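The values are calculated or read from the model by the stated rules, or taken from the named source; none is laboratory data. Nothing here was measured: the structure is a model prediction, and the numbers come from that model. Neighbour counts are summed over all protein chains in view; Cβ atoms, including those assigned to glycine, are modelled from backbone coordinates with ideal geometry.
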Amino acid sequence: MAADQALDFGGEEKDSADGITVHTGQNLRRIRTRRGYSLDRLAKIAGVSRAMLGQIETGKSSPTLSILSKIAMALGIPCAGLIAERAETLIIDVPRSKSKVLSSSEGRFRTRALFPFESDRKVEFYEIRISPHHTESADAHQHGAVENLVVAQGTVEVIAGKQPPHILGEGDAIMFDAAVPHVYRNMTGTEAVLYLVTTYLEDIRV
């Protein structure tokens, strides 16, 4: 996933924006304190200002995915571990209107979280929509991250690190090491739709 995305909500999705900001702050505080990190220490490790961390924890700021990525990497967890709403039941309903949507490049690259993060699963599941002829670059994820991608609509080129490009049509899938910079490119004049499962192989405790 691209790293310059911001939490974005449209229509009914805007109603859940405040709640997600609160969840992010609560999750950050809980995980940070479990790690035994002060705000100053986490700020130094993540490269994010102490003031910004404080604003996120108190629900006064909704961070971009770039900032979330830095914080998550410093804590050793996926980004979804920071934005997910914790549930007590084994059945978790994720209505489209309340989905967590990330967008970048002025909306030309959009991802929608289809499952909340669960620490024992170490898995993220997303729907990705790429505008016609758009190219999106993503930063390297943490060590051990693997992406498994399938194209539901359109033709997409995927480049992982220094490997040769792979062109995928509808129904084609690819799995690659996501701990390197990678690129998604829509090769056609219509919107591309993909489904992405990211697996974290390392032990992640939240």
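Below are the figures for this structure:
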quantity	calculated
Flag for residue 102 being at pLDDT 75 or above and under 18 Å from residue 138 (Cβ atoms)	yes
Test: residue in the range 141-164 that is closer than 17 Å to residue 102 by Cα and crowded, with 16+ Cβ neighbours inside 10 Å	yes
All positions within the range 123-170 that are of a type in the set (S, T, N, Q), closer than 27 Å to residue 82 by Cβ and assigned to a loop (DSSP other than H, G, I, E, B)	131, 142
Residue in the range 56-67 that is under 25 Å from residue 139 (Cα atoms), crowded, with 18+ Cβ neighbours inside 10 Å, of a type in the set (A, V, I, L, M, F, W, C) and at pLDDT 85 or above present	yes
Test: residue in the range 128-140 that is among the small types (Gly, Ala, Ser) and modelled with pLDDT of 95 or more	yes
Close pairs (7 angstrom Cβ cut-off, 6 or more residues apart or separate chains): among the hydroxyl-bearing types (Ser, Thr, Tyr) in the range 138-163, part of a loop (DSSP other than H, G, I, E, B) anywhere	155/169; 155/187; 155/188
Some residue of the range 31-44 being surrounded by fewer than 19 Cβ atoms within 10 Å (Cβ to Cβ), at pLDDT below 90 and under 20 Å from the mean Cα position of the chain (by Cα)	no
Total residues in the range 160-196, condition among the β-branched types (Val, Ile, Thr) and modelled with pLDDT under 95	1
Index of the failed condition, residue 41 passing every other in (1) outside any helix (DSSP H, G or I); (2) among the charged types (D, E, K, R); (3) closer than 22 Å to residue 141 by Cα	(1)
Residue identified as in contact with a Lys or Arg (Cβ under 9 Å, 6 or more places away or on another chain) and not acidic (Asp, Glu) among 193, 197, 183	193
Residue count, the range 166-180 (criterion: under 21 Å from residue 131 (Cβ atoms) and either crowded, with 16+ Cβ neighbours inside 10 Å or not small (Gly, Ala, Ser) (or both))	6
